[in-house]
Amino acid sequence: MEHLNYIMEITPYILEGAVFSIQIYVVTMLFAIPLGMLCALGKLVHFKPLRWLLEAYTWVFRGTPLLLQLFFVYYGLPFVPVIGVEFSREMAAFVTFILNYGAYFTEIFRAGIQSIDKGQYEAAKALGMSYPRTMCSIIIPQAIKVIVPPLGNEAVTLIKDTALCSVIAIPEMLKNAKAVVARDAAVSGYIIAAVAYLAMTFVIINIFKYIEKRLSYYDK
Amino acid sequence: MEEIIRIQQLYKSFGTLEVLKGIDLSVNKGEILTIIGPSGSGKSTLLRCMNHLEKADRGSISIDGQYIGKAEGKDGKTVYRSNKEILTICRRLGMVFQNFNLFPHKSVIENLIEAPVKVKKMEKEEALLIARELLKKVGLLDKEKAYPNQLSGGQKQRVAIARALAMQPEIMLFDEPTSALDPELIGEVLQVIKQLAEEHMTMVIVTHEMNFARDISDRVIFMEKGEIVTQGSPEEILINPRLPRLQTFLNKVV
């Protein structure tokens, strides 16, 4: 009974952290998906400088740890000449996560778009469709079906990656759980956080399952 | 006879492989032209140059007097019009592919109305009317809500023909329309093409179906190694071929 009381006491504090986790999750998804789509389309354009730029972008953000990127944007960026900006903790987290996940989404979307058969472009062109029209009506709608499973995978990773925000002292869930564990020298805090992460991933997995099901009305 | 497609001195290479070596060809309005020849002879490439799915290196292509690509300079390099202008000119040509290339995420009727509504800016109601008319013509009116993967190969190809016709083209290009089909499904597709022939649609057909070519063509072209070797009536080319190369080819395919 005493134990139950203890759990009731610490849970609200830990879950307060979840609010930020969910916040950064939603913001990242909202901005990184369009960013990834635009960059993926940019990578398919024949204009070489743009492709190199995007290649560099995805390389840097996929090639270095997210943790390092967080440190750099929050602690390092203010000292960089010319582009130096100082973000609030939350803003630094938003910017880093959007750019990082945007890079992964770029590659997922590019691969998805490129998996669509060349014959689809030819058929569209033979019917008089312009390239933008072909992409919007024919290619991207089919690519989405290919993109959703790997996107779902990233979506699950993202909720767990929000825990990294603790390193720039954002009071997200893991940080709060850690504080409780340190104060009381009891692991219950970690278990509560684990259950909360599991609950969130459960919801995300099922949202993606639903989307996949909705897209299964046709087959290639 | 009024000329509608004109090709002059067309050259095309893929890397070091020269697939078209100076093709001269004109197609008249209402004419049914079939192109035969061994694989790798350049017949599909020639057809695909007509609606800009392939870009020629040298030579000219014009549709009804309008150049889409014109030979310029001493070496006759093809200079193309802007993509937008080419799309507009090539709307007069419909194309049917070997692998159908239906849009798998759209139902049969959506496949048919997509281009009329989005490209021609036709009213949806009108596009639906035309689409149903065409589905009736190819005998698939009951399949309008089906998705392409629910259809047999022959049905897919009939839908693909209807889809091309929905743009109301003046010329139809067929790139081996029955080569991907099981033998028992070939007949239904050829039947639809024959029906178009009876309506005097201008058609250029690349095919390996010699009996069909014999029955339907006004003129047959025999290509080999990127050149037009000979051409003439089906009688001259398919029934009483005189050239030994042509005889060898026909003996192999029939």
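Straightening the chain between A:LYS48 and A:ILE191 buys 46.4 nm, computed as 0.36 nm per residue apart minus the Cα-Cα spacing.
Each of B:ARG6, B:ARG92 has some number of other Cβ atoms within 10 Å of its Cβ, and from fewest to most they run B:ARG6, B:ARG92. FRET efficiency for the pair B:LYS136 and B:ASP57, taken as 1/(1 + (r/R0)^6) with r the Cβ-Cβ distance and R0 = 35 Å, rounds to 0.20.
Measuring r between the beta carbons of A:ASN153 and A:LYS213 and using R0 = 22 Å, the FRET efficiency lands at 0.85. Helix A:173-184 and the long axis of chain A differ in direction by around 20°, with both axes built from C-alpha atoms. At q = 0.21, 0.30 Å⁻¹, what base-10 log of I(q)/I(0) does the Debye formula yield for region A:60-109 when every alpha carbon is treated as an equal point scatterer in vacuo? Treating every Cα as an identical point scatterer, log10 I(q)/I(0) equals -0.72, -1.12. Length gained on full extension, A:ALA169 to A:VAL80, computed as 0.36 nm times the residue gap minus the Cα-Cα distance: 29.9 nm.
Which helices pass in chain B if a helix is a full DSSP H run, must span at least 20 angstrom along its long axis by Cα, and must have mean Kyte-Doolittle hydropathy not below 0.5? Answer set is empty. Under 25 °C and 0.890 mPa s, how fast does the protein assembly as shown diffuse according to Stokes-Einstein, given a Kirkwood radius computed over C-alpha pairs? Answer in µm²/s, whole number. My calculation gives 93 µm²/s for D. If you count Lys pairs in region A:2-217 whose Cα atoms are under 18 Å apart, skipping same-chain pairs closer than 8 places in sequence, the total is 6. Among B:VAL117, B:VAL19, B:VAL108, the residue with the largest mean-square fluctuation in a Gaussian network model of chain B, with springs joining Cα atoms closer than 10 Å, is B:VAL117.
Which value results for Rg/Rh of chain A when Rg is the Cα radius of gyration and Rh the Kirkwood radius based on the inverse mean 1/r?
Working: Rg = 21.1 Å, Rh = 19.6 Å.
My calculation of the ratio gives 1.07.
The angle between the Cα long axis of helix A:48-63 and the main principal axis of chain A comes to about 30°, on a 0 to 90 degree scale. Taken over region B:102-169, lysine pairs spaced eight or more positions apart, or on distinct chains, with alpha carbons under 13 Å apart number 4. Sites listed here are trypsin sites (Lys or Arg not before Pro) in region B:119-154 whose DSSP assignment is loop and whose Cβ has at most 10 other Cβ atoms within 10 Å: B:LYS121, B:LYS145. Between B:ASN211 and B:GLU125, the modelled labels are 4.7 nm apart [label points 7 Å from Cα along Cα→Cβ]. Listed by chain and number, the lysines whose C-alpha is less than 18 Å from the C-alpha of B:LYS21, apart from same-chain residues fewer than 8 away, are B:LYS12, B:LYS43, B:LYS55, B:LYS70, B:LYS74, B:LYS77, B:LYS225. Debye-formula intensities of region B:102-169, expressed as log10 I(q)/I(0) at q = 0.12, 0.13, 0.25 Å⁻¹, are -0.24, -0.28, -1.06 (one equal scatterer per alpha-carbon, no solvent). Between B:ILE171, B:ILE161, B:ILE237, the GNM of chain B built on Cα springs shorter than 10 angstrom shows B:ILE237 fluctuating the most. Could you give log10 I(q)/I(0) at q = 0.11, 0.20 Å⁻¹ for region B:167-254, computed by the Debye formula over C-alpha point scatterers of equal weight, without solvent? For the requested q values the scattering log ratios are -0.32, -1.03.
Could you calculate, for chain B, the ratio of the Cα radius of gyration to the Kirkwood radius, expressed as Rg to Rh?
Working: Rg = 18.3 Å, Rh = 18.8 Å.
Value, to two decimals: 0.97.
Label zone of A:GLU9 (point 7 Å out along Cα→Cβ, amide N under 19 Å): in region A:163-187 this covers A:176-187. The protection proxy used here, the mean number of other Cβ atoms lying within 10 Å of each residue, ranks peptides A:76-86, B:27-37 as follows, highest first: B:27-37, A:76-86. So, in nm, how far is label A:LEU30 from label B:GLU3 when the simple model puts each one 7 Å beyond its Cα toward the Cβ? Using points 7 Å along Cα→Cβ, the separation is 6.3 nm. Under 13 Å from a point 7 Å along the Cα-to-Cβ line of B:SER13: which residues of region B:35-65 have their amide N that close? Hits in region B:35-65 for B:SER13 at 13 Å: B:57-58.
Could you tell me what percent of the DSSP beta bridges with both partners in the protein assembly as shown are antiparallel, to the nearest 5?
Working: 27 of 44 bridges.
Percentage antiparallel, nearest 5: 60.
For region B:155-203, applying the loop criterion from DSSP together with a ceiling of 16 other beta carbons within 10 Å to the GluC sites (Glu not before Pro) yields B:GLU170, B:GLU199.
We did not get these values from a lab; they are worked out from the coordinates using the rules stated. In this text the structure is predicted, and so the values were computed from the model without any measurement. Note that we place each Cβ from the backbone using ideal geometry, even for glycine, and neighbour counts take in every protein chain shown.
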